Amino acid sequence: MKVHNPFRTALVATLGVGLGILLIGSLETLSTVLLYVGTALFISLGLDPVITFLERRRLPRWAAVLATILGVLALFAGIVLTVLPILIDQIGQLVRQITFFLQSTRLDDVKDWLIATFPGVRRSFVDDLFLNATDWLTENWTTITESVVTVGTTIVTGLFGAFIVLILTIYLTASTPSLKRAVYQLVPASKRARFVDLAEQITDSVGYYVMGQITLGVINGILSAIYLTIIDAPFPAVLAVIAFFFSLIPLVGTLTGSTIIVLVCLIPGLGSPATALAAGIYYLIYMQIEAYAITPRIMSRAVSVPGAVVVVAALAGGALLGLLGALIAIPVAASILIIYRQVLIPRMNER
């Protein structure tokens, strides 16, 4: 290839590189906004099966959307108004108990309790553990204080972001059909029917997945509240909320939330080894029932994703977008599987 004007070629190449850098910088700047929009779109697709169900009951689209949004808002308002006072009271009790424990308990008492609870642990190991922990706290106290301030700022930012996501969710839920039609018009007419069919399968799969995860969270939260109250676990409302939110995380959420709950039940002065053992046995049984009975029934209308793909997708999504990425990764993987099974494989078989 003969270059007729080296200066022009170099100028075009430089402008192309500059434009690429500008686009990357713009994406980084708008990453938070794109995250809000993606979250709202994810939630709106999750509400779409409910709206479709109401439309099949001869309810107009606008009435179905309004009823769904009002129902969701009323549900969350009811949960907040019911659980928040209990949470505030129990968190206050938890802080007072921990403060009293720290003020009235000597390190030697804690060491004696650890040795009595775990007979296999040696005294020298416990002494070294506490010595290293004390040195670490002394060296990193400033960093810990700054981290607490950062957490407070993050909570305020998160509340503001949640409000924005709520507004975007209402808008996207109301305008989902028009948005779909606008996207479908961009596809050539000869391929539009096939594209619409695949797109509807993908959006339905995402919607059923979101509703399924929320249902699993509600079941785990309610059962946890009942059982933890029966065994007299410390702060059952707080622990039930933990169970609910961690159940929304695919693959490892229930296990992680259950571990946290068992550890809380083991805190001296709050719970007891017997309470922690009872909670641990319950969650071991519940996880088996959830995996083999509850999840297959609830997720039967969503696209089945192999276990290895679930692990890889959750890890990749978590690395890219954190917790939200882990949540979104599974339906994205399901969407890719739909395209793979219904587009790529038929094309390869035709050759």
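Kindly indicate which of GLY280, GLY271 is assigned to a loop (DSSP other than H, G, I, E, B) and without any contact (Cβ under 8 Å) to a residue 40 or more places away in the chain.
Result: GLY271 is the single residue among GLY280, GLY271 that is assigned to a loop (DSSP other than H, G, I, E, B) and without any contact (Cβ under 8 Å) to a residue 40 or more places away in the chain.
Exactly one of these conditions fails for PHE195: (1) assigned to a helix (DSSP H, G or I); (2) within 20 Å of the chain's Cα centre (by Cα). Give me its number.
Here PHE195 meets the rest and fails (2).
What single numbered condition from (1) modelled with pLDDT under 70; (2) surrounded by fewer than 11 Cβ atoms within 10 Å (Cβ to Cβ); (3) farther than 30 Å from ALA162 by Cβ fails to hold for ARG58?
With respect to (1) modelled with pLDDT under 70; (2) surrounded by fewer than 11 Cβ atoms within 10 Å (Cβ to Cβ); (3) farther than 30 Å from ALA162 by Cβ, ARG58 is out only on (1).
Please go through segment 257-293 and give me each residue that is buried (at least 17 other Cβ atoms within 10 Å of the Cβ) and under 22 Å from the mean Cα position of the chain (by Cα), ordered by number.
Correct list: GLY257, SER258, ILE261, VAL262, VAL264, TYR283, TYR286, GLU290.
Check off (1) modelled with pLDDT of 80 or more; (2) assigned to a helix (DSSP H, G or I) for THR150 and give me the number that stays unchecked.
Failing condition for THR150: (1).
Any idea which of (1) exposed (fewer than 14 other Cβ atoms within 10 Å of the Cβ); (2) over 23 Å from the mean Cα position of the chain (by Cα); (3) part of a helix (DSSP H, G or I) is the one THR157 doesn't satisfy?
(2)
Of (1) part of a helix (DSSP H, G or I); (2) touching a Cys at 6+ places or on another chain (Cβ under 8 Å), ARG181 satisfies all except one. Which?
Exception for ARG181: condition (2).
Being touching a residue at least 40 places away in the same chain (Cβ under 8 Å) and not in a helix (DSSP H, G or I): is that true of ASP204 here?
So ASP204 does not fit the description; no.
Against the definition (touching a residue at least 60 places away in the same chain (Cβ under 8 Å) and farther than 25 Å from LEU47 by Cβ), how does VAL238 come out, yes or no?
Criteria met by VAL238.
Have a look at THR176, THR138 and point out the one that is at pLDDT 70 or above and touching a Ser or Thr at 6+ places or on another chain (Cβ under 7 Å).
THR176
Going by the structure shown, is LEU131 within 26 Å of ILE267 (Cα to Cα), among the hydrophobic types (A, V, I, L, M, F, W, C) and either in contact with an Asp or Glu (Cβ under 6 Å, 6 or more places away or on another chain) or at pLDDT below 70 (or both)?
No.
Assuming VAL187 fulfils every condition listed in (1) touching a helix residue (DSSP H, G or I) at 6+ places or on another chain (Cβ under 8 Å); (2) surrounded by fewer than 19 Cβ atoms within 10 Å (Cβ to Cβ); (3) in a helix (DSSP H, G or I); (4) of a type in the set (A, V, I, L, M) apart from one, which condition is it?
(3)
Table: residues versus (1) modelled with pLDDT of 85 or more; (2) touching a Phe, Trp or Tyr at 6+ places or on another chain (Cβ under 9 Å); (3) farther than 30 Å from ALA116 by Cβ.
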| site | (1), (2), (3) |
| --- | --- |
| ALA243 | yes, yes, no |
| THR275 | yes, no, no |
| GLY280 | yes, no, no |
| LEU315 | no, no, yes |
| GLY318 | no, no, yes |
| LEU337 | no, no, yes |
| MET348 | no, no, yes |
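The values are calculated or read from the model by the stated rules, or taken from the named source; none is laboratory data. Note that the structure is predicted; figures quoted are calculated from it, not measured. Cβ atoms come from the backbone with ideal geometry, glycine included; neighbour counts cover every protein chain shown.
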